[in-house]
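A quick write-up on the structure given underneath.
The values are calculated or read from the model by the stated rules, or taken from the named source; none is laboratory data. Quantities reported herein were computed from a predicted structural model and do not represent experimental measurements. Cβ: placed from backbone, ideal geometry, glycine included. Neighbour counts: every protein chain shown. Areas reflect the complete protein model, heavy atoms only, side chains present, ligands, DNA and RNA absent. Shrake-Rupley method; radii C 1.70, N 1.55, O 1.52, S 1.80 Å.
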Amino acid sequence: AQSVTQPDIHITVSEGASLELRCNYSYGATPYLFWYVQSPGQGLQLLLKYFSGDTLVQGIKGFEAEFKRSQSSFNLRKPSVHWSDAAEYFCAVGPNRDDKIIFGKGTRLHILP
Amino acid sequence: DVKVTQSSRYLVKRTGEKVFLECVQDMDHENMFWYRQDPGLGLRLIYFSYDVKMKEKGDIPEGYSVSREKKERFSLILESASTNQTSMYLCATGQIYGYTFGSGTRLTVV
């Protein structure tokens, strides 16, 4: 069955430091992959998505993610985080057998000043 | 851009009340979804609809029902609210190329 795992529940980084959030998936073919961000009290906003082609995708707010088929991973990166990046981040994969997108449980990012 | 509007950001209801959560999308999307979000559990799908008057149960439909009389509107109904339904409720629309979410409704049942 298709699934997505975000191994880290919480991540803390200092402002200005680099960031990598991990995402692993289980999928039989080439999946569609997504990263969403949720600021406190808000809905989810799409950061970036991968369907095919170049395995390094650029998103909004300076984020990027790399699809690595051999590792079944789609990790999110940012070279230098800002205090406003503090939020919860969700990795997602689809479609599943019901043609839906499946979401990971999220990683909460904390930023130290 | 597709916009998804949830009518209330915060709601406080009493146990046993019938509660309606409303969601409206401004594009002509067939699919609409209701999720609840709880700490440590991520997003769990309650119900979804792929057309007017069509609905299917998600992973946690117990205690909920839905209504979709018009394409743009998808309502989540708590027939008799209970304290364990205190949660953040998120509406979404879209297809396998990506979903667009509303801002959420934080429901507290007391």
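Here is the figure for the stretch B:4-44: residues that are within 11 Å of chain A (Cβ to nearest Cβ) and either outside any strand (DSSP E or B) or in contact with a helix residue (DSSP H, G or I) (Cβ under 8 Å, 6 or more places away or on another chain) (or both) total 5. Determine if the stretch A:51-59 includes at least one residue that is modelled with pLDDT under 95 and charged (D, E, K, R). Yes, the conditions are met somewhere in the stretch A:51-59.
Taking the conditions exactly as written (closer than 22 Å to B:Arg44 by Cβ, within 11 Å of chain B (Cβ to nearest Cβ) and surrounded by fewer than 19 Cβ atoms within 10 Å (Cβ to Cβ)), does A:Tyr36 satisfy them or not? Spell out how you get there, then give the answer.
On the way: closer than 22 Å to B:Arg44 by Cβ: yes; within 11 Å of chain B (Cβ to nearest Cβ): yes; surrounded by fewer than 19 Cβ atoms within 10 Å (Cβ to Cβ): no.
No: the conditions fail for A:Tyr36.
Identify, please: which residue in the stretch B:45-76 is hydrophobic (A, V, I, L, M, F, W, C) and more than 12 Å from chain A (Cβ to nearest Cβ) and is, among those, most open to solvent (accessible area, probe 1.4 Å)?
Restricting attention to the stretch B:45-76, the residues satisfying the condition of being hydrophobic (A, V, I, L, M, F, W, C) are B:45-46, B:48, B:52, B:54, B:60, B:66, B:74, B:76.
This time we only want the ones that are more than 12 Å from chain A (Cβ to nearest Cβ), so: B:46, B:52, B:54, B:60, B:66, B:74, B:76.
Values: B:Ile46: 0, B:Val52: 47, B:Met54: 77, B:Ile60: 33, B:Val66: 13, B:Phe74: 1, B:Leu76: 0 Å².
The qualifying residue most open to solvent (accessible area, probe 1.4 Å) is B:Met54.
Figure legend. Inter-residue proximity from the stretch B:98-110: first residues without any contact (Cβ under 8 Å) to a residue 12 or more places away in the chain, second residues outside any loop (DSSP other than H, G, I, E, B), beta-carbon distance below 7 Å, spacing 6+ or different chains. Indicated pairs: B:Gly98/A:Phe34; B:Gly98/A:Leu46; B:Gly98/A:Lys49. Of the residues making up the stretch B:81-94, at least one is touching a residue at least 60 places away in the same chain (Cβ under 8 Å) and more than 24 Å from B:Val109 (Cβ to Cβ).
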